[in-house]
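Single-structure report; data block below.
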Amino acid sequence: MRLLLVEDDPMIGGGIGRGLRREGFTVDWARDGAAAELALANKVYDLLLLDLGLPRKGGLDVLKTVRGRGARIPVLVITARDAVADRVNGLDAGADDYLVKPFDLDELAARIRALLRRQSGRADPVIKVGTVALNPATHEVTLHGEAVTLSGREFSLLEAFLDRPGVVFSREQLEEKLYGWGEEVESNAIEVHIHALRRKLGQNFIRNIRGVGYMVPRQS
Ligand code: CA
């Protein structure tokens, strides 16, 4: 899952970025409101993590722009301001949740997972497609109830597929899910990860749609 973190404080932004990458998220970090809008216009993000007090353009204005365009991206506001009015304004401007700084990284990660779950219309914290189950919180994957060991990238790729079964992703879309700004992507990286997932989960689990991309079919 690819997140856009918007935070001008270098210490806080660095800490959140490192913590969320350790949790398996792909994180791009914008340092001001204008950079955030540019990023949102150019990439597809699964969630926006938005500070309110920002240089160049305030977080509330960024949020209003996002919602004004009709974007349904989940937005979690992170703010140092403890004034009730700020939180109310954030929620009323279209935020889905908020955390007041300082907060615990485990709580932040759990709230992000809850918002992503809601966005996908799931209530069950474990994602199940056919005989494969994936737990985003514990990073456990099972096939027929047996644990399967995946690398970090393999896990992220599988999560992207299982989150949207039946949806065909192009190689470029999958690269964008897995690799953030400045991360080197080998030209065959996605193929290599898909090969590994098929070896571990079955050759037919991920389908190749010729000329379009890859998908995991819906299964009953
Ligand atoms: Ca700030």
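The values are calculated or read from the model by the stated rules, or taken from the named source; none is laboratory data. Worth saying up front: this structure is predicted, and the values here are computed from it rather than measured. A quick note on method: Cβ atoms are made from the backbone with ideal geometry, for glycine too, and the neighbour counts reach across all protein chains shown. Note: areas computed on protein heavy atoms with side chains; ligands, DNA, RNA excluded. Shrake-Rupley method; radii C 1.70, N 1.55, O 1.52, S 1.80 Å.
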(message) Quick one: 3J(HN,Hα) in Hz for the stretch 184-198, Karplus 6.51/-1.76/1.60 with θ = phi - 60°, rounded, Gly and Pro as x.
(response) 5, 10, 5, 4, 9, 4, 4, 4, 5, 5, 5, 4, 5, 5, 5
(request) For K57, enumerate residues with amide H under 5 Å from its amide H, sequence gap 5+ or separate chain, H modeled in the peptide plane. (result) G33, A34
(message) Report the gain in length on full extension from V88 to R210: 0.36 nm times residue separation, minus Cα-Cα distance, nm rounded to one decimal.
(response) 39.1 nm
(request) List the residues whose amide H sits under 5 Å from the amide H of Y98, counting only those 5 or more places along or on another chain, with H placed 1.01 Å from N in the peptide plane. (result) V77
(message) Apply the Karplus curve 6.51 cos²θ - 1.76 cosθ + 1.60, θ = phi - 60°, to the phi angles in the stretch 163-178 and return the couplings in whole Hz, x for Gly and Pro.
(response) 5, 9, x, x, 8, 8, 10, 6, 4, 5, 5, 5, 4, 5, 5, 9
(request) Can you figure out the FRET efficiency of K57 with A123, using R₀ = 35 Å and their beta-carbon distance, to the nearest 0.05? (result) 0.50
(request) Return P(r) of the chain (all Cα-Cα pairs; 10 Å bins starting at 0; whole %; ordered from short to long distances). (result) 8, 33, 34, 19, 6, 0
(request) Return the sequence-ordered ³J(HN,Hα) values of the stretch 27-42 in whole Hz as given by the Karplus equation 6.51 cos²θ - 1.76 cosθ + 1.60 applied to θ = phi - 60°, using x for Gly and Pro. (result) 10, 9, 10, 9, 9, 8, x, 5, 4, 5, 5, 5, 4, 5, 6, 10
(message) Quick check: with the 1.4 Å probe, what order do R198, R207, R118, R2 take by accessible area, largest first?
(response) R118, R207, R198, R2
(request) Ignoring everything but the protein chains, give the 1.4 Å probe accessible area of L48 in square angstrom, nearest 10. (result) 0
(request) Would you mind checking K101/K177; K177/K200; K101/K128; K43/K101; K64/K128; K43/K200 for any pair whose Cα atoms are more than 24 angstrom apart? (result) K101/K177; K101/K128; K43/K101; K64/K128; K43/K200
(request) At 1.4 Å probe size, with every protein chain present, just tell me what the per residue accessible area of the stretch 2-119 comes to in Å². (result) 46
(request) With a Förster radius of 41 Å, plug the Cβ-Cβ distance of V185 and D9 into 1/(1 + (r/R0)^6) and report the FRET value to the nearest 0.05. (result) 0.90
